[in-house]
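To start, the structure under review is shown below, and the notes come after it.
The values are calculated or read from the model by the stated rules, or taken from the named source; none is laboratory data. Computed from a predicted structure; not experimentally measured. FYI the Cβ positions are ideal-geometry reconstructions off the backbone, even for glycines, and counts take in every protein chain you see. Side chains included, ligands, DNA and RNA excluded: accessible areas come from the protein's heavy atoms. Shrake-Rupley method; radii C 1.70, N 1.55, O 1.52, S 1.80 Å.
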Amino acid sequence: MEKNKLRSGYTTGTCAAAAAWAAVRLLCSGTKESPVSVLLPGGRRAAIQVVHFTAEKGGWAMCSVKKDAGDDPDVTNGTLICAKACLAGQEDPGQPCYTSDRYPGVYVTGGEGVGIVTKKGLSCPVGHYAINPVPREMILEAAFEARCRYGRPDERIIIEISIPEGKELAGRTFNPVLGITGGISVLGTTGIVNPMSENALLETIRLDIRVRASEGRRILAAAPGNYGERFLREEFGLDMSSFVKCSNYIGDTFRMMKEEKIDRVLLAGHLGKLIKVAGGVMNTHSKYGDRRMEILADCARKAGLGPEAADRLHGMNTTDEAAEFLEREGCLRAVMDEAAGRVKKNLEDGFAVKTEVVLFNQEKGLLAATEGAAELTVLLKAAACEQSAVIIKDRALKDR
């Protein structure tokens, strides 16, 4: 039976723009109607339901949209996205705001549950609310359109976006790692949420690398997932301020490392993942093929295991089972060294980023580390200490 097509939804930015449109209309005309129509970046319009209308006559108006992310496992699905509109008069707004020459007299800022940017390298200035460029343009456009349509074309209007659950939800996002504090970001590039977008995952990885690079870091640690992160932290004692999680996108991550001028990378991963990279497979997702045992058997033959014994690896289900077998054969360390060396060579040859590799599994812990891994670990720790000293100094200067 054919699978049902996954349902798309709307981004936080689209919801914020719709709430802003409704709030300006309510402020200017007292009208409470739902849905509202907002223009998406692709040129089509979307009808968005407004669930709450609140106003104080002559003062302000607030409207809320309940986010529908479709079938995407978005942590913000079902969250209220709110916009408060108020007349600004001729006074300075007195807070960080986004403006645009295309939409004069409209100011966009954040409120409760919208994070504040504290690190360079993001698409929002330090000290401003984390409302990304496309969403902020949509909000400005929606507020400007509603203001003109409902008879206040010359009024200065401030739009404050808030997300009541944002602070709680932030801990389930990358924001704390990226240096966005106090809430979540208002995101979206197309206005539409496409379930499990690969592009969205890649852009998250790129953003993580870019933030590290903007801090002046030129060496980073990376791992495909939580196991690698935990191994680097618990076994190597690394601070996670220099860490990037790359999921299955090993090749894409190293390409982005090169583009962001990262010089050296310490890559740690479970044998079952990184053995694929040893065979030149740069996306380790199972849909791109397995080949784990074939690659491992080839490493074993190169390390000196006899052909008959190496061929027995082909029938094994897991790399953990294979590691047990190789240990009994007395060649585990040699095979793991060969595999780690191949991972290093493939990444350095393919992406021109100096790489050191750590292989492990859950049962045996460290299986192999390339020759420069220990030195790079020391450098990563030193870099983390230097960065901490800079942060402490900056805080001290601010507190004066």
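Would you confirm whether or not region 23-40 contains a residue that is free of Cβ contacts under 8 Å to residues at least 24 places away in the same chain and touching an Asp or Glu at 6+ places or on another chain (Cβ under 9 Å)? Scanning region 23-40, I find no residue that is free of Cβ contacts under 8 Å to residues at least 24 places away in the same chain and touching an Asp or Glu at 6+ places or on another chain (Cβ under 9 Å), so the answer is no. All conditions in (1) open to solvent by 70 Å² or more (accessible area, probe 1.4 Å); (2) more than 19 Å from R149 (Cα to Cα) hold for T54, with the sole exception of (1).
Looking only at residues in region 106-131 that are among the small types (G, A, S) and open to solvent by 20 Å² or more (accessible area, probe 1.4 Å), the one that is modelled with the lowest pLDDT is G121. Pairs meeting the criteria (first residue in region 212-225 and in the same structural domain as L271 (by the TED database) and closer than 15 Å to K261 by Cβ, second residue polar (S, T, N, Q) and open to solvent by less than 10 Å² (accessible area, probe 1.4 Å), beta carbons under 8 Å, at least 6 apart or on different chains) are R212/S242; R217/S242; I219/S242; L220/S242.
Results for (1) modelled with pLDDT under 95; (2) open to solvent by less than 40 Å² (accessible area, probe 1.4 Å); (3) farther than 15 Å from L359 by Cβ, shown as yes or no for each residue.
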site	(1), (2), (3)
S242	yes, yes, yes
S247	yes, no, yes
R255	no, no, yes
K258	no, no, yes
G272	yes, yes, no
H285	yes, no, yes
Y288	yes, no, yes
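Answer yes or no as to whether A22 is within 21 Å of G113 (Cα to Cα), under 26 Å from the mean Cα position of the chain (by Cα), modelled with pLDDT of 95 or more and surrounded by 24 or more Cβ atoms within 10 Å (Cβ to Cβ). In short, no.
Total residues in region 73-105 satisfying the condition of being open to solvent by 20 Å² or more (accessible area, probe 1.4 Å) and either over 22 Å from R25 (Cβ atoms) or in contact with a His (Cβ under 8 Å, 6 or more places away or on another chain) (or both): the figure is 13. Taken together, the criteria exclude T253 from residues that are touching a residue at least 60 places away in the same chain (Cβ under 8 Å) and either among the hydroxyl-bearing types (S, T, Y) or in the same structural domain as P41 (by the TED database) (or both). The residues of region 215-252 that are among the charged types (D, E, K, R), within 17 Å of A368 (Cα to Cα) and in a loop (DSSP other than H, G, I, E, B) amount to a single one, E235. The number of residues in region 299-324 being in a helix (DSSP H, G or I) and buried (at least 19 other Cβ atoms within 10 Å of the Cβ) comes to 7.
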